[in-house]
Each structure stands twice: as structure tokens, then as C-alpha cells.
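The values are calculated or read from the model by the stated rules, or taken from the named source; none is laboratory data. Just so it is clear, the structure is predicted and the values come from calculations on it, not from any experiment. We place every Cβ from the backbone using ideal geometry, glycine too, and count neighbours over all the protein chains shown. Ligands, DNA and RNA are stripped out before the accessible areas are found, and what is left, the full protein with its side chains, is counted by its heavy atoms. Shrake-Rupley method; radii C 1.70, N 1.55, O 1.52, S 1.80 Å.
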Amino acid sequence: MNKALRHAVIAGNWKMNKNRAEAKALIEEMKPLVKDAGCDVVICVPFTNLETALAATEGTNIKVGAENCHFAKSGAYTGEISADMLTEMGVEYVVLGHSERRQYFGETDVTVNQRVKAALEAGLKVILCVGEMLEDRENNITAELVAMQTKIALKDVTKEQLKNVIIAYEPVWAIGTGKTATAEQANEVCALIRDVIAKVYDKDSADAMTIQYGGSMNAGNAEELLAQPDVDGGLIGGASLKAKDFAVIVEAATKG
Ligand code: 13P
């Protein structure tokens with residue numbers, strides 16, 4: 001599998017952090033630091049910061065994403081946001097299936113699949129998150145579980161639509177814990193996901209697929225993780241809230 005065939009993407013997932021003024025300040029600090037990036041740079045921000053982020057990044061190389069969207073086009077879904085609402089604003093990316101959504105908000109592989117299809121149909125690029133819990137790893141079912149999550153999330157997604165999907169491998173035990181997967185563990189599961197794509201679609205699709213690692217990636221460990229042959233980028237939580245740290249990770253991805 002040839003890494004040069006793929007696009008490296010570093011995406012920040014701000015989660016439920018930053019008010020509008022803080023968001024603007026963080027983006028302004030980040031802009032000059034990442035302007036020469038040799039990878040794609042995305043920031044996925046709370047819904048309330050989308051407008052601020054779109055305005056602040058206009059004319060720059062920073063793309064803006066949301067952290068979730070609903071599968072219906074519109075309707076009686078209090079508190080939800082549709083994919084069309086995001087594209088209408090100019091949002092390009094959306095994170096779907098994040099483990100925090102699965103853990104705390106009852107999202108399942110099936111609803112993740114519905115959201116993925118709705119987002120792709122609306123023209124969004126999807127960052128699809130998969131990953132095992134610590135218990136799954138201890139029970140030696142990481143491979144089966146991640147393969148299942150990937151297959152169900154992508155059910156009825158066409159080969160053409162797949163070009164707008166990035167998969168983020170995020171072991172749940174490594175998220176926000178400071179406990180990073182080793183570079184070998186990250187690469188092993190990213191490679192396994194690529195094999196699943198090759199089997200369900202074909203080798204060309206698998207070769208072209210950007211697969212990120214996420215989970216306590218930071219300025220200190222990014223280079224080693226991103227140098228792995230099957231790790232094409234990162235989905236960054238905590239470290240994406242610090243412009244300088246995020247820029248170091250972008251730099252590491254540029255080196256690949
Ligand atoms: P941390 O980088 O804070 O561990 O979060 C990772 C993550 O969940 C990104 O989506």
C-alpha cells in the first residue's frame with residue numbers, strides 16, 4: 001500500500017470547548033502557523049462556532065467541519081442539525097460516529113450509517129470514527145469489532161461516495177486519557193481497516209483512503225505515529241485547542 005497515493009489530513013476536534021471569542025482567537029493564532037502545511041488542515045468545531053470559524057478561515061488553507069449531523073433532511077428532531085443546514089453555511093466536513101456520541105448519546109452503528117449516508121448525499125466530507133473499548137482489546141476482538149463498525153457504517157455507500165470519506169481509528173481507551181496507542185498498534189488497526197475497504201470495495205479505493213489515528217495524539221508523539229505506513233493523518237482532541245501544538249502536528253504530517 002502506497003502512502004504517497006493518499007492525502008494526509010490533520011483535523012482538530014474541539015469537542016464542547018471554546019466560546020466564539022475564544023474560537024476566533026485560536027483560529028487567528030493558528031492561521032500563520034499552518035499556512036504552509038503540506039497536508040489538509042481541518043477544524044471541527046461546536047455548532048455555535050461554525051459561523052465564526054467560517055468567517056475567520058475564509059481565504060486560508062483551513063477547512064471547517066461540524067462534530068455531528070442528523071440523518072433526516074428536516075423535521076421534528078428537537079436539538080438536531082441536518083447535513084443540509086451545514087452545507088448551506090459552507091461547512092465542508094463532519095465528524096460522525098465519534099465514540100463520545102456512541103457512549104453518551106446512544107448512537108449505534110446503524111444510526112451512524114444513516115448519518116454517513118445523509119451527510120454524503122448532502123455533499124459533506126465525512127470523518128467516520130471507529131475504535132474499540134479497552135475491554136474489547138483485552139478480549140482480543142479489536143479486529144472483528146473495528147471491521148464490523150466500518151462495514152456497517154459504510155453500508156450502501158457507493159465507491160464514488162467513498163472518495164469523500166476519511167476513517168479515523170480512535171481506540172476509546174486512548175481518548176483524552178494521555179494513553180496513546182503505540183505507533184505499531186495504531187498502524188496495525190489502520191492497516192486492518194484498509195484491508196476491510198479493499199475487500200468491501202477494491203484495492204484502488206483502499207489505497208486512496210485516508211485513515212487517521214486519534215487518541216492523545218500530541219506535539220510529542222505525532223511524528224512517530226504519522227510516520228507509520230498506514231497512518232495518513234490524525235484526529236486531534238485536546239492538542240487541537242493549542243495553536244502551537246496543533247501546528248507541530250500539522251508539520252509532522254507534512255513530513256509524513
Ligand atoms: P484527544 O486527542 O483529546 O485524546 O481526543 C481524541 C479524539 O477524540 C478526537 O476525536
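Residues that are open to solvent by less than 10 Å² (accessible area, probe 1.4 Å) and closer than 25 Å to Ile236 by Cβ: which helices (runs of 4 or more DSSP H) entirely in segment 109-179 hold 3 or more of them? I'd like the intermediate steps shown before the answer.
Values: elements: 109-122, 134-138, 142-153, 159-162.
Ranges flagged: 109-122, 142-153.
Filter segment 47-71 down to the residues that are open to solvent by 20 Å² or more (accessible area, probe 1.4 Å) and either small (Gly, Ala, Ser) or in contact with a helix residue (DSSP H, G or I) (Cβ under 6 Å, 6 or more places away or on another chain) (or both) and list them by number. Before the answer, list the steps.
Of the residues in segment 47-71, the ones open to solvent by 20 Å² or more (accessible area, probe 1.4 Å) are 47-48, 51-52, 54-55, 58-61, 63, 67, 71.
Those that are open to solvent by 20 Å² or more (accessible area, probe 1.4 Å) and either small (Gly, Ala, Ser) or in contact with a helix residue (DSSP H, G or I) (Cβ under 6 Å, 6 or more places away or on another chain) (or both): Thr52, Ala55, Gly59, Thr60, Phe71.
Out of Cys44, Cys39, I need the residue that is at negative phi, modelled with pLDDT of 95 or more, out of contact with any helix residue (DSSP H, G or I) (no Cβ under 7 Å at 6 or more places or on another chain) and open to solvent by less than 20 Å² (accessible area, probe 1.4 Å). Which one?
Values: Cys39 fails: out of contact with any helix residue (DSSP H, G or I) (no Cβ under 7 Å at 6 or more places or on another chain).
From the options Cys44, Cys39, the qualifying one is Cys44.
Does segment 169-183 contain at least one residue that is within 25 Å of Lys15 (Cβ to Cβ), touching a Cys at 6+ places or on another chain (Cβ under 8 Å), of a type outside the set (Phe, Trp, Tyr) and in contact (Cβ under 8 Å) with a residue 40 or more places away in the chain?
Looking only at segment 169-183, we keep the residues that are within 25 Å of Lys15 (Cβ to Cβ), and these are 169-183.
After this cut, where a residue has to be touching a Cys at 6+ places or on another chain (Cβ under 8 Å) as well, the list is 169-170.
Add one more test, that the residue is of a type outside the set (Phe, Trp, Tyr), and what stays is 170.
Subset that is in contact (Cβ under 8 Å) with a residue 40 or more places away in the chain: 170.
Within segment 169-183, one or more residues are within 25 Å of Lys15 (Cβ to Cβ), touching a Cys at 6+ places or on another chain (Cβ under 8 Å), of a type outside the set (Phe, Trp, Tyr) and in contact (Cβ under 8 Å) with a residue 40 or more places away in the chain.
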Check: Can you pull out the residues in segment 209-227 that are in contact (Cβ under 8 Å) with a residue 40 or more places away in the chain and either crowded, with 16+ Cβ neighbours inside 10 Å or within 16 Å of the ligand (Cβ to nearest atom) (or both)?
Finding: Met209, Thr210, Ile211, Gln212, Tyr213, Gly214, Gly215, Ser216, Asn221, Glu224, Leu225, Leu226
Next item on the list: Working carefully through the options Tyr104, Tyr77, find the one that is open to solvent by 10 Å² or more (accessible area, probe 1.4 Å) and in contact with a strand residue (DSSP E or B) (Cβ under 7 Å, 6 or more places away or on another chain).
Entry: Tyr77
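Looking at the structure I just gave you, is Asp84 within 23 Å of Gln161 (Cβ to Cβ), among the acidic types (Asp, Glu) and surrounded by 14 or more Cβ atoms within 10 Å (Cβ to Cβ)? First the steps, then the outcome.
Values: within 23 Å of Gln161 (Cβ to Cβ): yes; among the acidic types (Asp, Glu): yes; surrounded by 14 or more Cβ atoms within 10 Å (Cβ to Cβ): yes.
Yes, satisfied.
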